[in-house]
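The values are calculated or read from the model by the stated rules, or taken from the named source; none is laboratory data. As the structure is a prediction and not an experimental result, all values here were calculated from the model. Cβ coordinates were reconstructed from backbone atoms using ideal geometry, including for glycine residues, and neighbour counts include every protein chain displayed.
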Amino acid sequence: MDVSDYAACDATALAELIAARQVSAAEVRQAALQAIEQVEPELNAVVSGPFEDATAGEGPFAGVPFGVKDTLWERGRPYDFGSRLLEGQVAALDSTIAVRFRAAGLLSLVRTATPEFGGNFDTAPVLRGPTRNPWDPTRSPGGSSGGSAALVAARALPIAHGNDGAGSIRVPAAWCGLVGLKPSRGRTPIGPLVGEAPGGLPHEFALSRTVRDAAGLLDAVCGPAPGDHYYVTRPARPLATRLGEDPCRLRIAMHTRSYWGHETGGEQREAVERVARCLEGLGHSVEEEPPPVDAEAFRALHLVVWPWLIATIATALAAMAGRVASAESVETATLACIRRARKTGALDISTAESIRNAESRQLGAFLDRFDLLLSPTTPSGPPLAGVPAHDDAAYADVERWIDDFYAVSPYTPIANSTGQPSISLPLGATEDGLPAGVMLTAQTLREDVLLQVAAQLEHAMPWIDRRPKVSAE
């Protein structure tokens with residue numbers, strides 16, 4: 001298999017070719033290695049690997065190359081979460097979803113770049129420097145799953161792991177022209193080391209180029225693990241087999257005004273409006289109505305849970321390594337989060353959880369009236385690579401960091417706090433040819449509706465033939 005044939009295939013197509021013995025898994029692997037070698041010098045997206053000892057099971061994606069973000073433990077492989085604090089660490093065990101990726105047949109060839117502790121919408125840790133967007137290497141691929149997004153967009157990998165605590169799958173998907181699904185809370189496991197991440201924010205999954213890959217992989221890895229705090233059973237029928245079903249006439253709310261931070265740009269707003277017209281043409285009803293989001297309360301919530309989350313990850317992993325976070329070993333924003341978390345008391349956490357409960361109830365009631373919420377994924381296109389810099393001295397002030405963080409992506413964090421499934425689709429473009437994502441959010445556990453409508457849009461407004469400037473060939 002040559003690189004151009006490999007790069008033309010999504011994960012489903014590669015799996016079908018391997019299963020039909022039209023190409024061997026070894027040939028696909030070799031093509032993937034060549035593709036990564038072609039694009040990596042311009043992208044800086046790989047942090048370790050390729051691994052010669054990569055093996056996988058005989059699941060639905062048997063033999064398909066894959067990348068794992070450097071925030072997920074794979075036993076015996078290096079990890080550092082993009083931080084100098086953890087340089088040289090090796091995972092002692094597997095994360096549950098890493099086991100499931102392998103059981104699905106995915107071949108984990110490389111580990112992909114992340115900002116320090118996944119705490120930025122850019123991917124440019126001090127440890128390694130900026131990862132670059134294949135559509136324009138001067139621009140950011142987004143974060144925190146920026147390395148995975150860059151490799152999938154450049155067609156070096158057909159699919160790659162990501163996780164999403166405030167938009168870390170969906171923002172890179174929007175800026176790199178990909179499908180980025182954040183499942184419902186509890187739909188995919190986050191253990192075994194983690195019972196519940198602070199605030200219940202992070203969700204594990206992947207970035208892909210097609211809706212069918214997202215649906216097929218979710219079928220393969222979803223479902224509870226023993227001891228999970230959220231015990232969500234698997235869908236009664238596989239999601240991938242339902243993509244072609246008619247979701248019937250849906251009532252869809254449309255919203256294009258930023259909750260805070262940057263105002264939504266004209267190109268992003270127009271992309272949403274074009275999608276709304278397409279949805280109406282498909283028989284759905286689209287109405288302009290904002291969801292009930294209290295921006296000030298939401299800010300107060302995240303001033304507690306995000307420092308708490310970053311500090312928990314950093315201090316726990318540092319303790320396991322016998323190390324202590326300091327100004328020499330972590331970036332400015334990380335150290336500020338640790339200091340803030342040390343001052344956070346039980347009443348602060350209780351208040352934040354009360355806000356999260358209220359926000360979840362309000363958005364849940366809204367999504368009982370509407371089947372879907374349609375919005376931009378981000379209010380603007382990708383900034384220059386390295387912006388905002390997590391190590392900027394200004395971010396010694398946690399409130400400044402939070403405000404700048406959410407200014408970049410005011411739309412995506414809502415579904416993390418409330419637990420709803422949300423997907424970014426590459427349905428827009430800027431005048432300079434960069435992708436613009438459009439986001440759909442559904443009621444909790446309604447990935448079936450979300451993916452069916454995503455498949456409708458993929459057919460009506462196809463994107464698969466678009467290629468970035470940096471692309472394997």
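Could you tell me which residue of region 315-348 is surrounded by the most Cβ atoms within 10 Å (Cβ to Cβ), considering only residues that are touching a Gly at 6+ places or on another chain (Cβ under 9 Å) and hydrophobic (A, V, I, L, M, F, W, C)?
Here the residue is Ala333.
Scanning region 222-265 for residues that are among the β-branched types (Val, Ile, Thr) and buried (at least 18 other Cβ atoms within 10 Å of the Cβ), which turns out farthest from the chain's Cα centre (by Cα)? Full working, then the answer.
Here is the first cut: in region 222-265, the ones among the β-branched types (Val, Ile, Thr) are 232-233, 241, 252, 256, 264.
With the extra rule that they be buried (at least 18 other Cβ atoms within 10 Å of the Cβ), the set shrinks to 232, 252, 256, 264.
Working: Val232: 20, Ile252: 23, Thr256: 21, Thr264: 21 Å.
Looking at residues that are among the β-branched types (Val, Ile, Thr) and buried (at least 18 other Cβ atoms within 10 Å of the Cβ), I get Ile252.
Taking Gly105, is it of a type outside the set (D, E, K, R), on the phi > 0 side of the Ramachandran plot and buried (at least 22 other Cβ atoms within 10 Å of the Cβ)?
Numbers: of a type outside the set (D, E, K, R): yes; on the phi > 0 side of the Ramachandran plot: yes; buried (at least 22 other Cβ atoms within 10 Å of the Cβ): yes.
Yes: the conditions hold for Gly105.
A quick yes/no check of all residues on (1) out of contact with any Lys or Arg (no Cβ under 9 Å at 6 or more places or on another chain); (2) modelled with pLDDT under 95:
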position: Leu43; (1), (2): no, no
position: Glu52; (1), (2): yes, yes
position: Pro65; (1), (2): no, no
position: Pro78; (1), (2): no, no
position: Phe81; (1), (2): yes, no
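Here is a yes/no grid of residues against (1) surrounded by 15 or more Cβ atoms within 10 Å (Cβ to Cβ); (2) assigned to a loop (DSSP other than H, G, I, E, B):
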site	(1), (2)
Arg356	yes, no
Gly364	no, no
Thr378	yes, yes
Ile414	yes, no
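Between Ala26, Ala13, Ala56, which is under 30 Å from Leu317 (Cβ atoms) and surrounded by fewer than 21 Cβ atoms within 10 Å (Cβ to Cβ)?
Every option except Ala56 fails the conditions.
Exactly one of (1) at pLDDT below 95; (2) not in a loop (DSSP other than H, G, I, E, B) is unmet by His229. Its number?
Here His229 meets the rest and fails (2).
Give me a count of the residues in region 280-325 that are under 19 Å from Ala396 (Cα atoms), part of a loop (DSSP other than H, G, I, E, B) and within 27 Å of the chain's Cα centre (by Cα).
1
Just name the residue that is farthest from Leu218 (Cα to Cα) out of those in region 416-444 that are among the hydrophobic types (A, V, I, L, M, F, W, C) and surrounded by 24 or more Cβ atoms within 10 Å (Cβ to Cβ).
Applying the filter and picking the extreme gives Ala436.
Do any helices (runs of 4 or more DSSP H) entirely within region 144-221 hold 1 or more residues that are surrounded by fewer than 24 Cβ atoms within 10 Å (Cβ to Cβ) and at negative phi, and if so, which?
211-221
Of all residues in region 281-314, how many are farther than 15 Å from Gly118 by Cβ and out of contact with any strand residue (DSSP E or B) (no Cβ under 9 Å at 6 or more places or on another chain)?
Count: 15.
Please list, ordered by residue number, the helices (runs of 4 or more DSSP H) wholly in region 1-116 having 2 or more residues that are under 19 Å from Ser145 (Cα atoms).
Where helices (runs of 4 or more DSSP H) fall fully within region 1-116 and carry at least 2 residues being under 19 Å from Ser145 (Cα atoms), they are 25-43, 96-103.
Which one of these is of a type in the set (Lys, Arg) and farther than 22 Å from Asp122 by Cα: Arg77, Arg84?
From the options Arg77, Arg84, the qualifying one is Arg77.
Among residues belonging to region 117-143 that are assigned to a loop (DSSP other than H, G, I, E, B) and polar (S, T, N, Q), point out the one that is nearest to Gly428 (Cα to Cα). Step through it out loud before you land on a result.
Going through region 117-143, the residues assigned to a loop (DSSP other than H, G, I, E, B) turn out to be 119-132, 134-135, 137-138, 140-143.
So of that shortlist, the ones also polar (S, T, N, Q) come out as 120, 123, 131, 138, 140.
Numbers: Asn120: 23, Thr123: 23, Thr131: 23, Thr138: 20, Ser140: 17 Å.
Within region 117-143, the match that is nearest to Gly428 (Cα to Cα) is Ser140.
Consider region 326-340. How many of its residues are in contact with a helix residue (DSSP H, G or I) (Cβ under 7 Å, 6 or more places away or on another chain), in a helix (DSSP H, G or I) and aliphatic (A, V, I, L, M)?
Residues flagged as in contact with a helix residue (DSSP H, G or I) (Cβ under 7 Å, 6 or more places away or on another chain), in a helix (DSSP H, G or I) and aliphatic (A, V, I, L, M) within region 326-340 amount to 3.
Do we find that Val286 is modelled with pLDDT of 95 or more and closer than 30 Å to Asp432 by Cα in this structure?
yes
Anything in region 126-143 that is of a type outside the set (Phe, Trp, Tyr) and surrounded by 24 or more Cβ atoms within 10 Å (Cβ to Cβ)? List them, or say none.
Pro130, Thr131, Arg132, Asn133, Pro134, Ser140, Pro141, Gly142, Gly143 - these are the residues of region 126-143 that are of a type outside the set (Phe, Trp, Tyr) and surrounded by 24 or more Cβ atoms within 10 Å (Cβ to Cβ).
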